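Following: one structure in C-alpha cells, then a few remarks.
None of the figures in this text is laboratory data; all of them are computed from the coordinates on show. The shown structure was predicted, so the numbers you read here are calculated from the model rather than taken from an experiment. Reconstructed Cβ throughout: ideal geometry from the backbone, glycine too, with neighbour counts over all protein chains shown.
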Amino acid sequence: MELLQVSGLSRTYGEGETAVRAVRDVSFSVPKGEFVAIVGESGSGKTSLLNMLGGLDRPTAGKVRIDGRDVYAMKEKERTVFRRRNIGFIFQSFHLLPELTVEQNIIFPVLLDYQKPDARYLEELLGVLGLRERRDHLPAQLSGGQQQRAAIGRALIARPALILADEPTGNLDSRNSSEVIALLKEASRKYEQTIVMITHNRTIAQTADRVLQVEDGVVTDLGRWQE
C-alpha cells in the first residue's frame, strides 16, 4: 500500500525574472513502512519538498496524498488537524519546550489535540528511547542525544502514519547519530511507520531502504545507496 503519493509537485518562489523554482514537477510514492532518505546539496530544494510533504508549504502545482487523502484539497483548519494526527516532525534543532519535562514534551501533541495520552504506549516509548530515568528532567538537563530522543518520542506519541525528519542528526556526534537512526529504523519496523528523512550524511543514507536525490529541484530515485 502506498502511504505517500506525490504527483507533479512544484514550488516556485517569487515571480518573473527573479522567480526561483525550488521544486520542479516531482512525482514519487512511498509504501507504508518504508524508510526513505532524501539527499542533495544545500539549496537543492530538499527542505521545500519536505515542507510540502508535511502540509506546511502549499505547492505551486501538483498533489500530495497521505493515506489516500489529498492534503491540499483540505481547508486550512482541517489540514492542521490532519497534520497533527497523521504526521510526526523531527528537526535538527530539537524544538523542545524548555519549561516542560521530557514526559510533558513528548505528550504535548496529544494534549494539544485534546486527547488523553496512552499511558502504556508512553511507557513503551520511554523505554525504547532510553528516557525512563530522564522523564522528569528539563531539556537543559539533557545531552544533545537525549534531547533528540525526546523529540523523536514527541513525533511518535500520536502514532502518526508518516514521520518527516529534517537533518535529525545534524547537531549530534557520530555515536548519538547512530543511536538516533537506529531508533527511527526501529520505529519504522515496530510501529509500521513510514519515514522520509533529509540527510547530508552518506553513511546514514546507506541505512535507508531507498534514497531520493534532489538536484536543482528535480528528484531522482537512486534506489539503495551505492558508493
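In loop segments of the range 1-46 as defined by DSSP, the GluC sites (Glu not before Pro) with at most 13 further C-beta atoms inside 10 Å of their C-beta are 15, 41. Qualifying trypsin sites (Lys or Arg not before Pro) in the range 11-42, where qualification requires a DSSP coil assignment and no more than 16 other C-beta atoms within 10 Å, comprise 32.
Centroid-to-centroid, using Cα positions, the range 186-203 and the range 16-64 are 17 Å apart. Mind checking which aspartates and glutamates have their Cα closer than 17 Å to the Cα of residue 46? Skip sequence neighbours fewer than 8 apart in that chain. Within the straight-line limit of under 17 Å, residue 46 reaches these aspartates and glutamates: 25, 57, 166, 167, 215, 216, 221.
Report the Stokes-Einstein translational diffusion coefficient (µm² s⁻¹, integer) for the chain, Rh taken as the Kirkwood radius over Cα pairs, at 20 °C with viscosity 1.002 mPa s. Reported coefficient: 119 µm²/s. The charge dipole of the range 1-138, taken about its Cα centre with unit charges on the Cβ of Lys, Arg, Asp and Glu (plus for the first two, minus for the last two), comes to roughly 320 debye. An oblate overall shape is assigned to the range 131-199, the ratio a/c of its alpha-carbon gyration tensor axes (a ≥ b ≥ c) being 1.5 or greater and a/b not exceeding b/c. Counting only lysines at least 8 places from residue 32 when in the same chain, those with an alpha carbon closer than 17 Å to its own are 185, 190.
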